[in-house]
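Only one structure is covered here, and it is reproduced in the block below.
The values are calculated or read from the model by the stated rules, or taken from the named source; none is laboratory data. Since we're looking at a predicted model, the values are computed, not measured. Glycine gets a Cβ as well: all are built from the backbone with ideal geometry, and neighbour counts include every protein chain shown.
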Amino acid sequence: MNASETFVRALEAEGVTYVFGIPGEENLDLLEALRTSRIRLILTRHEQAAGFMAATHGRLTGRAGVALSTLGPGATNFVTAAAYAQLGAMPMLMITGQKPIKSSKQGHFQIVDVVDMMRPLTKYTRQIVSADTIPARVREAFRCAEEERPGAVHLELPEDIARDPGGAPLLEPAATRRPIADDKAIHRALAALKDAKRPLLMIGAGANRKLTSKMLRQFVDHTGIPFFTTQMGKGVLDETHPLWLGNAALSDGDFVHRAIERADCIVNCGHDVVEKPPFFMRGARTVIHVNFSAAQVDSVYFPQLEVVGDIANTIWRLKEALEPQPHWDFSFFQTVREHLDAHLLRRADDERFPMHPARVVADVRRVMPHDGVVCLDNGIYKLWFARAYRCRMPNTLLLDNALATMGAGLPSAIAAKIVQPSRRVLAVCGDGGFMMNSQELETAVRLGLDLVVLVLRDDAYGMIRWKQAHMGLPDYGMALGNPDFVKYAESYGARGHRPSSAADLARMVERAFESKGVHLVDVPVDYSENDEILNREIRELSAAI
């Protein structure tokens, strides 16, 4: 057995089933070991896309996804994906090759210091210099990637080490339990909740990573405390629940922010400051930080109380000790919910074409089942989906509100379909973000996936155009050209579609899912009201409550 075979056996011991990536000559020995393994290689068209797929695998399973690249340019293509996983708390292991380190006949050709490059972007990065250390290095990499807070890790396997004799005994993953919160911290949080008149629950990204959904649902149903979510906390609780007050897609001025202003105690469950602030900490209120780790204090986030430990356990203990208080008053919160519901129905049946983004969101919700997975790329439509797409289950709207990188939507959807083959999976991409990794259509076709891709076409970088307009600046530098997306999809062996009216979209997407295979739907969108609605209308209507 050589070192590469030992490495692959160590991956198998960690339960790895897929490796996403593009090999090079420096990791051909590792590739050969994979060939005879039960692990499946998912060959991609770009290393960045492979990293996005591995990160999404980690996000959905809680186990580190694995991405593979060669040295030099292959490894540097992992940089954005590493940041995506690290900021988004998605467990991922990147494996890169390297020239021989004991002797080399190629000088510094293609060599960059990948370990140092990865250091600020990962929780753990190491070059393997001995075959005997492989089991320990792999075990430590997975432990770091998967423990709270999850993130990216990296191992570099040089070409000569990869073919050295191996066979060191494997290290089995250890059974561990997460620490639970201190009793005194629980009691302080209980006292604050009992003393409050208008407590409120906020659900963030941390609550979406572990199976906290059951405990939070019991807490809300038992106490009657209303809740709202951050963008990456969507779906932890069913957003058709009568106590849901919306999503803080905007940092201020939305309907939910009227409830936040009125609340005197906010239980901040799983919030991570890498997300855009869901609200600004102004006014006299107590914020209780409930998370796996202590709060990262920021100018917009400085909680007065902290309950640090396993979130599900904390919420269960609070629920067991807390009864609804007779002085709690949620009447204003319910008024906020009524106004939010009314606003979310506006334009949901808008007939204009090109389509209004509110109609696109409503039609996607009509077509997707409760367990269907929608994978968003990054663009202005993300705000429309975060506000108006009501998730029924955890991790059914995958969006990135941490690095917020463009180009991740299609690769993320491919990984979601691989991990959850029985579910409907829909990628929603702007034309700008889609073209950054559109070549992965070929990967989806080659893998025989059933996948639908919506490309929302405004022939511009719409998010930045919206910001530009809000700043009162002239429209400049945002317009772009596009291919014929229908023909483009067909050139990869996918099927392309283009609606001719707003009424066509839902029917077209439904037929695409029913007919199987990879489908792309080119949807022209009208973003002309972005500034009016997101910056003025919502603020004015919510202020009037």
Problem set entry | The listed residue being in contact (Cβ under 8 Å) with a residue 24 or more places away in the chain and under 30 Å from Asp132 (Cβ atoms), out of Leu201, Leu193, Leu170 | Leu170
Seminar exercise, completed: Of the candidates Arg38, Arg59, the one satisfying the condition of being modelled with pLDDT of 95 or more and surrounded by fewer than 23 Cβ atoms within 10 Å (Cβ to Cβ) is Arg38
Exercise. Of these, Met94, Met117, which one is in contact (Cβ under 8 Å) with a residue 60 or more places away in the chain and out of contact with any Asp or Glu (no Cβ under 8 Å at 6 or more places or on another chain)?
Worked result: Met94
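Table: residues versus (1) modelled with pLDDT of 95 or more; (2) outside the structural domain of Gly15 (by TED's automatic domain parsing).
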{"position": "Met92", "(1), (2)": "yes, no"}
{"position": "Phe109", "(1), (2)": "no, no"}
{"position": "Val112", "(1), (2)": "no, no"}
{"position": "Met117", "(1), (2)": "yes, no"}
{"position": "Pro135", "(1), (2)": "yes, no"}
{"position": "Ala145", "(1), (2)": "yes, no"}
{"position": "Gly167", "(1), (2)": "no, yes"}
Exercise. Looking at segment 1-15, which of its residues are part of a loop (DSSP other than H, G, I, E, B) and either buried (at least 16 other Cβ atoms within 10 Å of the Cβ) or modelled with pLDDT under 95 (or both)?
Worked result: Met1, Glu14
Problem set entry | When residues of segment 16-35 are limited to those that are in contact (Cβ under 8 Å) with a residue 24 or more places away in the chain and outside any helix (DSSP H, G or I), the one farthest from Leu447 (Cα to Cα) | Gly24
Exercise. When segment 255-273 is examined, which residues are found to be in a helix (DSSP H, G or I) and either in contact with a Ser or Thr (Cβ under 9 Å, 6 or more places away or on another chain) or under 24 Å from Lys382 (Cβ atoms) (or both)?
Worked result: Phe255, Val256, His257, Arg258, Ala259, Ile260
Exercise. Quick one: which of Arg188, Arg178, Arg163 is in contact with a Leu (Cβ under 6 Å, 6 or more places away or on another chain) and either surrounded by fewer than 18 Cβ atoms within 10 Å (Cβ to Cβ) or over 20 Å from Gly65 (Cβ atoms) (or both)?
Worked result: Arg188
Exercise. Given the conditions (1) free of Cβ contacts under 8 Å to residues at least 12 places away in the same chain; (2) part of a loop (DSSP other than H, G, I, E, B); (3) touching a Gly at 6+ places or on another chain (Cβ under 9 Å), and given that Gly407 satisfies all but one, which numbered condition is not satisfied?
Worked result: (1)
For this session: Could you tell me whether Asp252 is over 18 Å from Asp341 (Cβ atoms), in a loop (DSSP other than H, G, I, E, B), acidic (Asp, Glu) and under 21 Å from the mean Cα position of the chain (by Cα)?
Result: no
Problem set entry | Residues located in segment 173-216, provided they are farther than 30 Å from His57 by Cα, among the small types (Gly, Ala, Ser) and out of contact with any Asp or Glu (no Cβ under 8 Å at 6 or more places or on another chain) | Ala189, Ala191, Ala192
For this session: Give the residue, chosen from Val290, Val307, Val267, that is in contact with a Leu (Cβ under 6 Å, 6 or more places away or on another chain), buried (at least 20 other Cβ atoms within 10 Å of the Cβ) and in contact (Cβ under 8 Å) with a residue 24 or more places away in the chain.
Result: Val267
Seminar exercise, completed: Among residues of segment 89-147 being acidic (Asp, Glu) and assigned to a helix (DSSP H, G or I), the residue nearest to Val274 (Cα to Cα) is Glu146
Exercise. For Tyr18, all conditions in the list (1) surrounded by fewer than 24 Cβ atoms within 10 Å (Cβ to Cβ); (2) over 18 Å from Ala416 (Cα atoms) hold save one; what is the number of the exception?
Worked result: (2)
For this session: Go through segment 254-271 and give me each residue that's among the hydrophobic types (A, V, I, L, M, F, W, C) and either out of contact with any Gly (no Cβ under 6 Å at 6 or more places or on another chain) or within 8 Å of Ser542 (Cβ to Cβ) (or both).
Result: Phe255, Ala259, Ile260, Ala263, Cys265, Ile266, Val267, Cys269
Exercise. What is the one condition in (1) within 18 Å of Val452 (Cβ to Cβ); (2) part of a helix (DSSP H, G or I); (3) of a type in the set (Asp, Glu) that Asp522 does not satisfy?
Worked result: (2)
Exercise. What helices (runs of 4 or more DSSP H) completely inside segment 423-483 contain at least 3 residues that are under 22 Å from Ala494 (Cα atoms), within 21 Å of the chain's Cα centre (by Cα) and not assigned by TED's automatic domain parsing to the domain that holds Ala49?
Worked result: 431-434, 440-446
For this session: Name the residue, out of Pro277, Pro326, that is without any contact (Cβ under 8 Å) to a residue 12 or more places away in the chain and assigned to a loop (DSSP other than H, G, I, E, B).
Result: Pro326
For this session: Mind listing whichever residues of segment 287-323 are assigned to a loop (DSSP other than H, G, I, E, B), at pLDDT 95 or above and closer than 13 Å to Ala189 by Cα?
Result: Leu322
